[in-house]
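S.K.: The structure follows.
All of the numbers you see were taken from the coordinates with simple rules; none came from a lab. Everything quoted here is computed from the prediction, not taken from an experiment. Note that each Cβ is placed from the backbone with ideal geometry, even for glycine, and that neighbours are counted across all protein chains shown.
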Amino acid sequence: MKVVILAGGFGTRISEESQFKPKPMIEIGGKPILWHIMKEYLHYGYNEFILCAGYRQEAIKEWFADYFIHNSDITFDFTQGDRMIVHNEHAEPWKVTVVDTGLHTMTGGRLKRVRDYIGDETFLMTYGDGVCDVDIRALVKAHKAYGKPATLTAVLPEGRFGVMDMEGNRICSFREKSRNDMGWINGGYMVMEPEVLDYIEGDATTLEREPLERLAEEGNLYAYKHRGFWQCMDTLRDKQKLEELWESGHAPWKVWQEEADV
């Protein structure tokens, strides 16, 4: 099953970094958040990716082109011509197709543009700026059980601001906003059938509007409720939070093990 990742937006709300690179290439712990997302999927056995690129798409292509070299020890031997010897080679068993889906194309349009790469099979899809600890195998199992064209992971986000409890105009207390104060939102990590692409008109179509709304009206869109960790990287504050979790050694989305961890 192929994994489609939307990786073409401008990332304007985190412009401190996105002015230099596409949002999915902003680093957490020295690796692009895109790498973290792909490692999650690989942990569950999904290793074929289609990246819907756009803004600064060349940076994504260059990063993958150099990935093998950057993650291996290398000897450059100039005494015998231009020789390069690779030691301790390490690269994930990924198959990655990076597609330039246009600079101003909307989310639905990007998905439709990679239709030929998806083919006629069920596929996974998510955004290139959010991580979570959802059990992707369980998500796929739920999608098959629902028997509908699309299933998305519903999450309860953390509140950004504190809440005032009030009686009339009198403030009674202050407290942190809890998840119970929020509603379920689309957390990405979707499973879709190819027929969903027929709901997308073209480049100007936003996936989260007409296509998903129409699927919902028809009773063809189901949710897999995830009550665990989920965090998008919309702002610099979000990035710093993810950095702190990674540096603590207890990043909830790190469900995989590196050789050094074993």
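S.K.: Given the rule -39500 (n - 2.57) for each run of at least 4 DSSP H residues, summed and divided by the residues of the chain, what is its mean residue ellipticity at 222 nm, to the nearest 500 deg cm²/dmol?
M.R.: Only helices count here, giving -7500 deg cm²/dmol.
S.K.: Within 10 Å, count the other beta carbons around each residue, average over each peptide in 77-87, 112-122, 193-203, and list them highest first. Kindly include the intermediate steps, with their values, before the conclusion.
M.R.: On the way: 77-87: 8.1, 112-122: 14.5, 193-203: 16.1.
Highest-to-lowest ranking by the protection proxy: 193-203, 112-122, 77-87.
S.K.: How far apart, in nm, are two points set 7 Å out from the Cα along the Cα-to-Cβ line at Asp73 and at Gln19?
M.R.: Going from the Asp73 label point to the Gln19 one covers 4.1 nm.
S.K.: Now a separate question. Which far-off residues, 5 or more places away or on another chain, put their amide H under 5 Å from the one on Val98, with H placed in the peptide plane?
M.R.: Close amide H contacts, sequence-distant or interchain: Leu51.
S.K.: Right, here's the next one. Any chance you could check the Cα centroid distance between segment 1-60 and segment 238-253 for me, in angstrom?
M.R.: Each part's Cα centre sits 17 Å from the other's.
S.K.: Could I ask something else about it? Any of Lys144/Lys241; Lys141/Lys254; Lys2/Lys254; Lys148/Lys241; Lys148/Lys254; Lys112/Lys225 with alpha carbons more than 32 Å apart? Name them for me.
M.R.: Correct reply: Lys144/Lys241; Lys148/Lys241.
S.K.: Once R0 is set to 30 Å, what does the formula 1/(1 + (r/R0)^6) return for the Cβ-Cβ distance between Glu92 and Arg209, expressed as a FRET efficiency to the nearest 0.05?
M.R.: Working: r = 34 Å, r/R0 = 1.15.
With R0 = 30 Å, the Cβ-Cβ based efficiency is 0.30.
S.K.: Report the calculated FRET efficiency for Trp184 and Asn47 (r = Cβ-Cβ distance, R0 = 35 Å), to the nearest 0.05. List each step's numbers first, then the result.
M.R.: Values: r = 30 Å, r/R0 = 0.85.
Efficiency, from the Cβ-Cβ distance: 0.70.
S.K.: To the nearest 0.05, how large is the calculated FRET efficiency for Lys31 and Tyr146 if R₀ is 30 Å and r is the Cβ-Cβ distance?
M.R.: Numbers: r = 34 Å, r/R0 = 1.13.
Calculated transfer efficiency: 0.35.
S.K.: Let me ask something else. Rounded to two decimal places and with Rh computed the Kirkwood way over Cα pairs, what is Rg over Rh for segment 1-156?
M.R.: Details: Rg = 17.6 Å, Rh = 17.2 Å.
Rounded to two decimals, Rg/Rh equals 1.02.
S.K.: Give the peptides 38-45, 213-220 in descending order of average Cβ contacts within 10 Å, highest first. The partial results should precede the final answer.
M.R.: Numbers: 38-45: 17.8, 213-220: 13.0.
Packing proxy ranking, top to bottom: 38-45, 213-220.
S.K.: Now for a different question. Rounded, prolate or oblate, given the Cα gyration tensor of segment 62-129, with a/c below 1.5 counting as rounded?
M.R.: prolate
S.K.: Another one. Taking a ≥ b ≥ c as the square roots of the eigenvalues of the Cα gyration tensor of segment 11-77, is the shape rounded (a/c under 1.5), prolate (a/b larger than b/c) or oblate? Mind dumping the intermediate values first?
M.R.: Values: a/c = 1.82, a/b = 1.24, b/c = 1.47.
Oblate.
S.K.: While we're on this one: With a cut-off of 8 Å between alpha carbons and a minimum separation of six or more residues, what is the relative contact order of the chain in percent? Show your work: numbers first, answer last.
M.R.: Working: 460 pairs, mean separation 62.1, N = 262.
Reported as a whole number, the value is 24 percent.
S.K.: For Tyr224, list long-range residues whose amide hydrogen, built 1.01 Å from N in the peptide plane, is under 5 Å from its own amide hydrogen.
M.R.: Under 5 Å from the amide H of Tyr224 lie the amide H atoms of Leu152, Thr153, Ala154, each far enough along the sequence or on another chain.
S.K.: Would you grab the residues whose amide H sits under 5 Å from the one on Trp253? Only those 5+ places off in sequence or on another chain, please, with H modelled 1.01 Å from N.
M.R.: Long-range HN contacts for Trp253: none found.
S.K.: Out of the DSSP beta bridges found with both residues in the chain, what percent are antiparallel (nearest 5)? Don't skip to the end; give the middle numbers.
M.R.: On the way: 23 of 45 bridges.
In the chain, DSSP labels about 50 percent of beta bridges as antiparallel.
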